[in-house]
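Comments concern the structure below.
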Amino acid sequence: VSVNLSVRLAQMGRRIILLDADLGTANADVLCNLPSGKNLAHVVAGRQTLTEAMIVGPGGFRLIPGASGLAQMAALAEPQRDRLIEQLRDLEHDADMILIDTGAGVSPNVLGFAVCADQVIVMTTPEPTAVTDAYAVIKSLHRQREDIDIRLLVNMVQDQKEGRDVFNRLDQVCRRFLHLNIRYAGHVAQDLRVGQAVRRQKPFVI
């Protein structure tokens, strides 16, 4: 979703930077069939800046690749993460929008990147386990920052009604137990061609 959203926004003329912050299991560069080279691990080690690590992705967005298979990246220390976030803030003048694609779950890295954003999109599928996990993420984010702007995107739905139903259920739970109003970011239909695009390493919007 983050890759394809970046492609479409760039095609609309926006200056887009995508940071693949799925630390330890990053794959945005693989989805775009981009050469592996400089990545977030080099930035954390102080050998590159975020700007130097950027590569141009399909449609013209700029990607800061994450690092895959490195345990030390998955367990990034808070000062290291804070330095990355400061570097991201320095890039705000050079972009209309910066997207941060985090991993799943409620690890300190996921929450740390999310709470610094102007807007957070939490993604779920209609499966009860995924919805439960999404609520756990929302609850954890709300604990860290009460004024956080959270929106729910429902992925792999059969139709628009299924997406709305999932949102309504989760919204009711958030209102009741967290006194929090989340917003609906929409849905993405389940489509076999998405898997085909992944295997071809070409964003499906292209």
Spin-label proximity, VAL198 to the stretch 82-108 - amide N less than 11 Å from point 7 Å beyond Cα toward beta carbon: none
Normalised convex hull volume, the stretch 78-180, alpha-carbon set, Å³ per residue: 106 Å³
Cβ-defined net charge surrounding THR49, 15 Å radius [Lys, Arg +1; Asp, Glu -1]: 0
In Hz, Karplus ³J(HN,Hα) per residue of the stretch 106-114 (6.51, -1.76, 1.60; θ = phi - 60°; x = Gly, Pro): 10, 5, x, 5, 4, 5, x, 5, 5
Degrees, to the nearest 10: 160-178 long Cα axis against longest axis of the chain: 80 degrees
Extreme residue, positive dipole direction of the chain, given options ALA77, ILE55, VAL205 (C-beta unit charges): VAL205
Relative contact order, percent, the chain [alpha-carbon distance under 8 Å, six or more residues apart]: 21 percent
Relative compactness, the stretch 91-145, computed as alpha-carbon Rg over 2.2 N^0.38 Å: 1.23
Using θ = phi - 60° and Karplus 6.51 cos²θ - 1.76 cosθ + 1.60, couplings along the stretch 49-64 (whole Hz; Gly, Pro as x): 9, 4, 5, 5, 7, 5, 10, 8, x, x, x, x, 6, 9, 10, 9
Candidate lysines for bridging to LYS202, where Cα separation is under 30 Å - those fewer than 8 sequence places away on the same chain excluded: LYS38, LYS161
Cβ-based charge dipole, the chain, positive-most Cα from LEU153, ALA95, ALA117: LEU153
Residue-level accessible surface for PHE177, protein heavy atoms, 1.4 Å, Å²: 120 Å²
Calculated from backbone phi, Karplus (6.51, -1.76, 1.60) coupling profile of the stretch 183-196 in Hz, x at Gly/Pro: 10, 9, 8, x, 9, 10, 6, 6, 8, 4, 5, 5, x, 5
Convex hull volume per residue in cubic angstrom - Cα atoms of the stretch 143-194: 79 Å³
Hydrodynamic radius (Kirkwood) for the stretch 1-132, which is based on Cα pairs only, to one decimal in Å: 15.0 Å
Loop trypsin sites (Lys or Arg not before Pro), the stretch 35-122 (other Cβ atoms within 10 Å of the site Cβ: 15 or fewer; DSSP): ARG47
Contact order relative to length of the stretch 121-178, as percent, for alpha carbon pairs under 8 angstrom and 6 or more apart: 42 percent
Residues of the stretch 1-152: accessible area per residue with a 1.4 Å probe, Å²: 50 Å²
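The values are calculated or read from the model by the stated rules, or taken from the named source; none is laboratory data. All figures in this text were calculated on a predicted structure; none of them were measured in a lab. Ideal geometry is used to build each Cβ from the backbone, glycine not excepted, and the neighbour counts take in all protein chains shown. In case anyone asks, the SASA skips ligands and DNA or RNA and just uses the protein heavy atoms, side chains included. Shrake-Rupley method; radii C 1.70, N 1.55, O 1.52, S 1.80 Å.
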